[in-house]
1. Taking Cα centroids, how far is the stretch A:268-297 from the stretch B:237-290 in Å?
2. Antiparallel as a % of all DSSP beta bridges within the protein assembly as shown, to the nearest 5?
3. Which far-off residues, 5 or more places away or on another chain, put their amide H under 5 Å from the one on A:Thr375, with H placed in the peptide plane?
4. For n ≥ 4 DSSP H runs only, could you compute -39500 (n - 2.57) per run for chain A, divide by its residues and tell me the 222 nm figure to the nearest 500?
5. What are the ³J(HN,Hα) couplings of the stretch B:205-219, residue after residue, when phi is run through the Karplus curve with 6.51, -1.76, 1.60 and θ = phi - 60°? Round to Hz, x for glycine and proline.
6. So if we plug the beta-carbon distance of A:Glu48 and A:Asp189 into 1/(1 + (r/R0)^6) with R0 = 51 Å, what FRET efficiency do we get, rounded to 0.05?
7. What do you get for the angle between helix A:136-151 and the principal long axis of chain A? Use alpha-carbon atoms, 0 to 90 degrees, nearest ten.
8. Would you list B:Glu212, B:Glu430 from fewest to most Cβ contacts within 10 Å?
Amino acid sequence: MRYLPHTPEDIKEMLEVIGVKTVDALFEAIPESCRSKEPLNLPRAMSEWDLNAHMDALAATMAPSSEYRVFIGAGSYNHYIPSSVPYLLSRSEFSTAYTPYQPEISQGTLQGIYEFQTMVTRLLGMDVATASHYDGATALSEALLMAVRKTKKKRVAVSSLCHPFHREVIRTYLGPAGIEVVEVPYGEDGRTDLAAVGAMDDVAAVAVQSPNFFGVVEDLASFAQVIHAKKGLMIASFTESIAWGLVKNPGSQGVDIVAGDGQSLGIPKAFGGPGLGLLASSKALMRQLPGRLVGTTTDLDGKRGFVLTLAAREQHIRREKATSNICSNNGLCALNAAMYMASLGGTGFKRLAQINHNKAEYLKRKLMDAGVKITFASATFNEFVVKFPEGFEKTYDRLLSRMIVAGLPLGRFYPELAGHYLLCVTETLSKIDMDQLVKEVTA
Amino acid sequence: MSGYRQGDSGLILNEPLLWEKGKKGRCGFSLPECDVDEVAFDAEFAGDGPNFPDLSEVEVVRHYTRLSTWNFGVDTGMYPLGSCTMKYNPKVNERQASLPGFSDVHPLLPEVRNQGALKLMFDLEHFLKELTGMDAVTLQPAAGAHGELAGILMINAYHKKRGEIRTKILVPDTAHGTNPASGALCGYMPVAVPVNEDGIMRVEDVRALMDEETAGIMVTNPNTLGLFEKNIREICEVVHGKGGLVYGDGANLNAIMGYVKMADIGVDVMHFNLHKTFATPHGGGGPGSGPVAVTRTLTPFLPVPRVEKLKDHYHLVTDYPDSIGRMMTFYGHFGIMVRAYSYILSMGGEGLKEASAHAVLNANYIKERLKETFHLAYDHTCMHECVFSDAKQEPYGVSTLDMAKRLIDYGFHPPTIYFPLVVPGALMIEPTETETKEDIDNFIDTLKAIAVEAKESPELLKNAPTRSKVRRLDETSAARKPCLSG
Ligand SMILES: Cc1ncc(COP(=O)(O)O)c(C=O)c1O
């Protein structure tokens, strides 16, 4: 086996030093009654080329966005990834390192993550950002737990326009800890019902996604006002990071904690993961944050350097009193996002967001012109809800066979919206693609 | 000393922070002309966009290339970081993960367009079941700790379903910090189980602590001292006898593949770390992947969606009323699953057993050759790792930290230090199976040389490292006056 370098002589010499006859003799340290008698019933080793052929065949059954016109976002977005980014990311000094426990030989990772944290704070307008979380849903769940710890209240409010899967994860995380999750309904404008939050008592926080699951931009500042008056915390979440190139950032709207998904920032969709959980807060909540943080310091010669810091929040120091159980995070995805943000720059980021917006608005307008109903009139970014004509399922299947995925049916998530679809457009779809979709759906 | 000296001085290039470079108006991204009309964004919600530096593609490429040279990875050299299983990460697995059919696919397309990915997941679950004898697997958790959380949530749901309220969970004091932290997240109070003079748990201790208010026990086997918990079967019986369940932390599975099946020894639920045992790169912090396996008892409580096969079709099924729910937005770290699947097929069943055999051989070899030089915490045949301490070097004023830093000057990544907590000044060495005997000998000889230095010229150790990008860093002031962004 090419990954196992020992020759029979190596093994013999080593066994002599240890003073046993066979390698299996070492396993006598395991009681007989615990040892398996049967060999593993697993496939035999494959050659590299047989393996490649096998993997190619599996991958060939899939529908990559390079071949399909996919008008779905809903938490996973098709953005162009510059060739330089995966190339740099594949440098194995980055990819084959562990968590930077030895800072002197991990300055690459540490500076990279420090820059990532900085760009995330600038993107979201917040004071502090962590070195990453698993994904948007887990980051949002941890944000709610932070609020519960901080306010000592055992109830949280979550907008019904937070991603449906995020809400499911929140219930998984919070339910057994005895925290009540109250959903905030939405109104006819496709926005979370502010008045409903106003009527709630004793809530640790309200979580509002913006742009929300329908693509509609929420008025975060108003929610912040209402929840602050009730001594609760304002949490904003998001799934489409590119929005912040155009949309007013959460920090400028009085938000206390932001939790979102960073997959849009140059990370492959990869059938849903690994993505990137972004988590940022105000300075006041810094010590409640879960997971790793990188900070600056100096070395013995006074030279600038970077270290993992404020570890007194974490499980390896605090064990059951830690702010979270997280250990490994999504560090390489964070570096991936940093490389992507650096490649775009501030100017490029804004322009890219504008192009995305132009395209989505184009499709919206064309569909309206063709008589398709746009369900919510409010301002949206990249995604919007439409009502397709009765019996559209057939058209949907026909389009699928022509390698067009005409949005996400919403009935499964919002029964009242059966027959409605969530459409998404990014810079990767052309005017021709959109014109074709309009033609086909109204044919 | 055998072999060559690994550490020497190369050219170390400086590189400023991203925002200390660049000029307004540059861009490293291929921005197209827009083929549709410009539409202004609603003024009420419009913002200024992020204040990022503007850089050309070349500047970005040089920036990260230079940063990378300040890092040490498995591809750079031996990385015997105990408990982390830093084995070689095969390159062919990267190829598979980057196939457009795996990397460029949306998670919410109709199932008929996802069959390859679902089949891969289904088969990977099957491989993990076969390795452990467990009945069912979820691949959803994002990392080891996330797997622990899923597992403890299932234990919690199980007791709840039976109408029982249990408030405590047993956690041996050799356990990783994530274990008590995961227990606490589910509302359990962790109760410490001590280790005996042989470094393992005693049945009597577990019996004395286990009661009907205790949900179960979290066991790492082999434990973090690299020792097999010999009393595991009896311990599991005691726990089961009081209606509790046994959680297995599978971080150390690399020691026992093909030798022990967790289900056979009484484990009810366990996690895997694909980024340890199954050779996926750790990425300088993650992403990992922490699948969880369960016996029949806990199958109804597995997270949804579950991957199922009906006739020749694979489906994502959510209709499980007793499920703990979803652990992540989508199905877990699929890209990591692809790599682990590819690794298992490259190794085959026999290869995996051989990997465990060599991992254990290497650790015992190191233990034997170093036990005269360093204080060995527990002198027994070890599994995949061995734990020393600095007790013999302490009289010279030299600590584990100093020895670890000196290893850096010689070109090795240091072992895990100061963990497990039961060994003061712990030096936890896990060589893995992919190191050559020459590199292992070189590592041993280097540590012996460092022990001589500790006695004769301790200042060499106190000053170490000297050949890295930076020297020792002031962690105290980093924490006292945190500067977390620029
Ligand atoms: C014994 C043990 N348990 C759990 C974990 C946590 O795993 P992860 O970092 O994947 O969350 C680790 C990781 O170092 C470990 O060594």
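1. 26
2. In the protein assembly as shown, DSSP labels about 60 percent of beta bridges as antiparallel.
3. Those qualifying (amide H under 5 Å, at least 5 residues apart or on another chain) are A:Val385, A:Val386, A:Lys387.
4. On the way: 14 runs with 162 residues, N = 443.
Rounded to the nearest 500, it is -11000 deg cm²/dmol.
5. Karplus values, whole Hz, x for Gly and Pro: 5, 5, 4, 5, 8, 7, 8, 7, 9, 9, 6, x, 9, 10, 10.
6. Details: r = 56 Å, r/R0 = 1.11.
For R0 = 51 Å, the calculated efficiency reads 0.35.
7. That helix lies at roughly 90 degrees to the long axis.
8. Taking fewest neighbouring Cβ atoms as first place, the list is B:Glu212, B:Glu430.
The numbers here are math on the coordinates, done by the rules we state, and not lab data. Note that the structure is predicted; figures quoted are calculated from it, not measured. Glycine gets a Cβ as well: all are built from the backbone with ideal geometry, and neighbour counts include every protein chain shown.
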